[in-house]
Amino acid sequence: MLLSLLLLLFATRLLLRWLNLHHLKRFGDVVPDGWEHVIDRERLSRSARYTFATSRLGLLEGGLGQLATLIFAFVLLPVYDRWVVSCSESLVLKGLLFFGLLTLVQAVAGLPFNAWRTFVIEARFGFNRTGWKLWLSDLAKGSLISAVLLGLLLWGGFSLVAWSPRFWWVTVWLFLACLSLLLMYVSPALIEPLFFKFTPLARPELEPRVRSLAEQAGIRVSKVRQVDASRRSGHSNAYFSGIGRVKKIVLFDTLLDQLDDNEIIAVLAHEIGHWKYGHLRKRLLVGQASLLVGCLFAWWLLQQDFLPRLVGVESLSFSGRLVVVGLVGSLAGFLLTPWSSWRSRRHERQADSFAREVTGKPGALASALMLLAKENLSNLHPHPWYAVFYFSHPPVVERVARLQGEAKTA
Ligand SMILES: [Zn+2]
């Protein structure tokens, strides 16, 4: 039963990806209306080749990952479970060993794909600026941070399960919620500086414009910084960090190279729009509420006698049962994906409208989006179903058309 549902899930994922690539093959060289001055056919076919290359690798990695998950859950799990149980009496130590080792194997298996993506695909299309030395030092730092966090998470989670067997769904939830909030505070100050260098904007005339824009929306900006993202990759972006009213605005140096002042202001106005409409707060609330429901559901499911039989065995330890809960959870998560993508796209449209109104320059965001799509070799022709299912942003051609439509009527 569970196996057939999982197979159905994996097949659906593959089908969506295949549809997306098939659509790109058919329409890949069509220049969208209104894009003629930004992008030519040659650039477009380069984007298509980039999408094919990354998707093929994603397909291989995802397919092998799904196969490995099935083999682990339906063949190896009982043996692995018995071995971990024989190692220790303590629930906490067993949990640390069980999931620590599993995560390690997963991370090591992902390394070749990561290296291939960076040094072959990204390099071929001129995005990669990372050398082996930087890649390895990022890997070492990242692994150390992940190990500490995972250790903390497993140790705290399993201790709470042992301490409060009847109501751990609420204690574990509180622990996870606090940990994620703490990370949101700590990460910009402690973790990001380990990887990136933040400096004042190289175009200082932008800073007062950014600040006055933010103040119009009621945000106090503590710092406006640029980050040396170009040391690693040519892809561009901008983001806000910090919770509450005080924000740090961060622009990738690559973004500053690609856009003019008005376009950068429009991109930031979009980000400010998210804040103005409370999107981040809403996302946080929905996330924590789903986490609580997930904890309650896991707590209930873990006590059910039929749980081990879902993977064809009679009994499993707590950790082994947790793996089965994870598989059931992945089904639920997949079914919820279109809903959360839809919500996210609605937020993006609101932020786009906000940017258009507040800057008074309707064309600036549209032109920024077109340039960014061109520079980042974005797929201009995703399959509609694929976009409905997965896209957190409306397809860029649709966003631009909407902004330009509004620009003409404004
Ligand atoms: Zn956005």
**Complete:** Diffing segment 211-219: the Karplus 3J(HN,Hα) column from phi (6.51, -1.76, 1.60, θ = phi - 60°), in whole Hz with x for Gly and Pro, holds 5, 5, 4, 5, 5, 3, 8, x, 10
**Request:** Arrange the peptides 125-137, 368-380, 149-161 so that the one whose residues have, on average, the most other Cβ atoms within 10 Å appears first.
**Result:** 368-380, 149-161, 125-137
**Asked** If you place +1 on the Cβ of every Lys and Arg and -1 on the Cβ of every Asp and Glu, how big does the dipole about the Cα centre of the chain come out, in debye to the nearest 20?
**Response** 240
**Complete:** The extension gain from Leu93 to Arg56, computed as 0.36 nm times the residue separation minus the Cα-Cα distance, is 9.4 nm
**Request:** Calculate how many DSSP beta bridges within the chain are antiparallel, expressed in % of all such bridges and rounded to the nearest 5.
**Result:** 55
**Request:** Quick one: compute the contact order of the chain, relative version, from alpha carbon pairs under 8 angstrom and 6+ residues apart, as a percent.
**Result:** 22
**Message:** Just to check I understand the Karplus step: with θ = phi - 60° and J = 6.51 cos²θ - 1.76 cosθ + 1.60, what whole-Hz values come out for segment 171-176, glycine and proline as x?
**Reply:** 5, 5, 4, 4, 4, 5
**Message:** Please list log₁₀ I(q)/I(0) at q = 0.08, 0.09, 0.13 Å⁻¹ for the chain, using the Debye equation with identical point scatterers on the alpha-carbon positions.
**Reply:** -0.53, -0.68, -1.38
**Request:** Restricting to segment 117-265, compute how many DSSP beta bridges are antiparallel as a %, nearest 5.
**Result:** 55
**Request:** Kindly rank 349-358, 185-194 from highest to lowest mean number of other beta carbons found within 10 Å of each residue.
**Result:** 349-358, 185-194
**Item:** Computed helical MRE - 222 nm, the chain, DSSP H runs ≥ 4 contributing -39500 (n - 2.57), nearest 500
**Value:** -23500 deg cm²/dmol
**Prompt:** Where Rh denotes the Kirkwood radius from the mean inverse Cα pair distance, what is Rg over Rh for segment 70-193?
**Reply:** 1.06
**Request:** In whole Hz, with x marking every Gly and Pro, tabulate ³J(HN,Hα) for segment 373-387 from phi via Karplus 6.51 cos²θ - 1.76 cosθ + 1.60, θ = phi - 60°.
**Result:** 4, 5, 5, 8, 6, 5, 6, 7, 10, x, 5, x, 5, 4, 5
**Request:** Using a Gaussian network model of the chain whose springs link C-alpha atoms within less than 10 Å, name the residue from Ala364, Ala48, Ala289 with the highest mean-square fluctuation.
**Result:** Ala289
**Prompt:** Could you give the nm distance between label points at Ser86 and Phe167, where each point is 7 Å from its Cα heading toward the beta carbon?
**Reply:** 4.0
**Among the listed pairs Lys248/Lys361; Lys141/Lys276; Lys25/Lys276; Lys141/Lys223, those beyond 28 Å (Cα-Cα)** = Lys141/Lys276; Lys25/Lys276
**Prompt:** How large is the charge dipole for segment 88-195, taken about the Cα centre, if only the Cβ atoms of Lys, Arg (+1) and Asp, Glu (-1) carry charge, to the nearest 20 debye?
**Reply:** 180
**Charge context of Pro188, other residues only, Cβ under 11 angstrom, K/R +1, D/E -1** = +3
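The numbers here are math on the coordinates, done by the rules we state, and not lab data. This structure is a prediction, so every number in the text was calculated from the model and none was measured. Positions of Cβ are generated from backbone atoms using ideal geometry, with glycine treated the same way; all protein chains shown enter the neighbour counts.
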